[in-house]
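Asker: Dumping the structure here so I can ask a few things about it.
The values are calculated or read from the model by the stated rules, or taken from the named source; none is laboratory data. Quick caveat, the model's predicted, so the values are computed rather than measured. So basically every Cβ, Gly included, is an ideal-geometry build from the backbone, and we count neighbours across all protein chains shown.
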Amino acid sequence: MTMAERVAELARIRQEAHVGAPAATEAQHAKGKLTARERIALLLDEGSFKEVEQLRRHRATGFGLEAKKPYTDGVITGWGTVEGRTVFVYAHDFRIFGGALGEAHATKIHKIMDMAIAAGAPLVSLNDGAGARIQEGVSALAGYGGIFQRNTKASGVIPQISVMLGPCAGGAAYSPALTDFVFMVRDISQMFITGPDVVRAVTGEEITQNGLGGADVHAETSGVAHFAYDDEETCICEVRYLITMLPSNNRENPPSTPCQDPVDRGCERLLDLVPVDGSRPYDMREVIAEIVDDGEHMEVHERWATNVITTLARLGGHVVGIVASQPRSLAGVLDTHASEKAARFVRLCDAFSIPLVTLVDVPGFLPGVDQEHGGIIRHGAKLLYAYCDATVPRVSVVLRKAYGGAYIVMDSQSIGADLTYAWPTNEIAVMGAEGAANVVFRRQIADAEDPEATRQQLVKEYKAELMHPYHAAERGLVDDVIDPADTRAVLVSALGMLRRKHTATPARKHGNPPM
């Protein structure tokens, strides 16, 4: 063959690998799903994708596999850019073996993961596979083990984002669970360890795939999914946006952008937005929107453990992670799920040099037998450990209530917050005045001629003595009491001062958090 003929043959083979079987493509579209290459095109900047091992084929024999050896072996791997920054990607191609993982398939994924770690760039997986390729037996299982090992190696080193765009069952579900973020699309993506048929056989329970492990289940109930969307296009667009908020690796800072929103902009609306009465609810999301650049933020785990908010935003053009009580949900108390949600977010931000802002309006930990038996001590300790271990800049603001252990856990000065501020409406105390008076003055109230009047008087005295807005500031536990309208300017200034913060940590292999 001449060189021209060889080049022509190469072009034909590449075309075959790129296009795939037309019938399989039609079947994928008939399910309302995009193909792997269409998804990659949505994720990456136009024309930036560079494919790796496009011509790879499996070498398995038996069970009819030797007669079917398609190029790519059911997974497309490579790199490209998002807003000009390098991003690595692998995408299961459901048109080939249902996206099932075999030895060659796994080896391609291992290689692209190793490249992402070495290059210090984010890794995005577009998941649409039927699990392990049964015909290849234990080789397929070993392939998953290699992925899990690399997920763990990359943890805290590069951002890892899993986008669920089809089924993900059995051991395959553990790879997304090991990554930093999980995106799901309603109706087309499901995740579970054992499917509905196994559940029915073992427990007798009848349930659909979506009811067992659909996007809404994992976004609202299990907390496995951080984001859930109605369609693939929106989902992948949001993945692109998230990447712009994250550094490429743990040695870099998150990308900053020019800020058109004045850093000293007053937030007068906050004066009316947050009621002075600590028992009245309000939406903390509105507070966050008032403070951050242009009112924009990307909430993580928006629909799970809604009594605490975790969100990424920018202040003065620089990315911050915000942890905030949500008085509209369970009055903003901390429970097992909220503690775990906030702890994971704090660890994420600390791993990737994202400063932390904590907005506090917390009445305490949720009481109850279920909470105690569910391990509220252990889960609360996760959040405590995460904050104590964090070395990024940390600034907290107490808006209203900050009671008991929950006050300490929500990044108080005593556990290492760099700067702590409070509004004039703050109430920092061991517990609310009513409860405190009932404990401290129990006998005095019981012996009084008018117990209720005496109790009310003692509540007022307790508030005046130990819960006035300047009590914590007088003892150096709050750095300043600020006008709520100045919150944005104060935070931008404080974080600017802390931007070059360096913290020395003890020499150790690693800590032992209460997992």
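Asker: Residues of the stretch 1-32 being in contact (Cβ under 8 Å) with a residue 12 or more places away in the chain and part of a helix (DSSP H, G or I), which ones? So that I can check it myself, show each step before the final result.
Answerer: From the stretch 1-32, those in contact (Cβ under 8 Å) with a residue 12 or more places away in the chain are 13-14, 16-18, 20-21, 24-25, 27-28, 31-32; that's our starting set.
Selection gives 13, 14, 16, 17, 18, 24, 25, 27, 28.
Asker: Among the numbered criteria (1) surrounded by fewer than 16 Cβ atoms within 10 Å (Cβ to Cβ); (2) within 23 Å of residue 353 (Cβ to Cβ), which single criterion is violated by residue 492?
Answerer: (1)
Asker: In the list 72, 77, which residue meets the criterion of being under 16 Å from residue 109 (Cβ atoms), modelled with pLDDT under 95 and buried (at least 20 other Cβ atoms within 10 Å of the Cβ)?
Answerer: Residue meeting the stated conditions: 72.
Asker: Let me ask something else about it. Filter the stretch 80-114 down to residues that are closer than 23 Å to residue 249 by Cβ and hydroxyl-bearing (Ser, Thr, Tyr) and give me whichever is surrounded by the most Cβ atoms within 10 Å (Cβ to Cβ). Quick ask: steps written out before the conclusion?
Answerer: So in the stretch 80-114, the residues closer than 23 Å to residue 249 by Cβ come out as 80-91, 108-114.
Now narrow it down to the ones that are hydroxyl-bearing (Ser, Thr, Tyr): 81, 86, 90.
Numbers: 81: 16, 86: 16, 90: 26.
Ranking the qualifying residues of the stretch 80-114, first place goes to 90.
Asker: On the given criteria, is residue 185 at negative phi, of a type in the set (Val, Ile, Thr), touching a Cys at 6+ places or on another chain (Cβ under 7 Å) and touching a residue at least 60 places away in the same chain (Cβ under 8 Å)? Explain how you work it out, then say what you get.
Answerer: Details: at negative phi: yes; of a type in the set (Val, Ile, Thr): yes; touching a Cys at 6+ places or on another chain (Cβ under 7 Å): yes; touching a residue at least 60 places away in the same chain (Cβ under 8 Å): no.
It is false that residue 185 is at negative phi, of a type in the set (Val, Ile, Thr), touching a Cys at 6+ places or on another chain (Cβ under 7 Å) and touching a residue at least 60 places away in the same chain (Cβ under 8 Å).
Asker: Among all residue pairs at least 6 apart or on different chains, which show Cβ distances below 8 Å where the first residue, located in the stretch 489-501, is at pLDDT below 95 and the second is of a type in the set (A, V, I, L, M) and not in a helix (DSSP H, G or I)?
Answerer: 501/392
Asker: Okay, moving on. With respect to residue 125, is the statement that it is buried (at least 23 other Cβ atoms within 10 Å of the Cβ), polar (S, T, N, Q) and closer than 20 Å to residue 87 by Cβ true?
Answerer: Details: buried (at least 23 other Cβ atoms within 10 Å of the Cβ): yes; polar (S, T, N, Q): yes; closer than 20 Å to residue 87 by Cβ: yes.
Yes.
Asker: Among the residues of the stretch 33-58, how many are assigned to a strand (DSSP E or B) and either outside the structural domain of residue 163 (by TED's automatic domain parsing) or of a type in the set (S, T, N, Q) (or both)? Steps first, answer last, please.
Answerer: Our first condition is that a residue be assigned to a strand (DSSP E or B); within the stretch 33-58, this holds for 50-52.
So of that shortlist, the ones also either outside the structural domain of residue 163 (by TED's automatic domain parsing) or of a type in the set (S, T, N, Q) (or both) come out as none.
Going through the stretch 33-58 one residue at a time, the tally reaches 0.
Asker: In the stretch 99-208, which strands (runs of 3 or more DSSP E) lie fully inside it and hold 1 or more residues that are under 21 Å from the mean Cα position of the chain (by Cα), assigned by TED's automatic domain parsing to the domain that holds residue 43 and β-branched (Val, Ile, Thr)?
Answerer: On the way: elements: 123-127, 160-164, 167-169, 181-185, 190-192.
In the stretch 99-208, the matching strands (runs of 3 or more DSSP E) lie at 123-127, 160-164, 181-185.
Asker: Which ones in the stretch 302-344 are in contact with a Gly (Cβ under 9 Å, 6 or more places away or on another chain) and of a type in the set (Asp, Glu)?
Answerer: Once the filter is applied, which keeps residues that are in contact with a Gly (Cβ under 9 Å, 6 or more places away or on another chain) and of a type in the set (Asp, Glu), the stretch 302-344 yields 335, 340.
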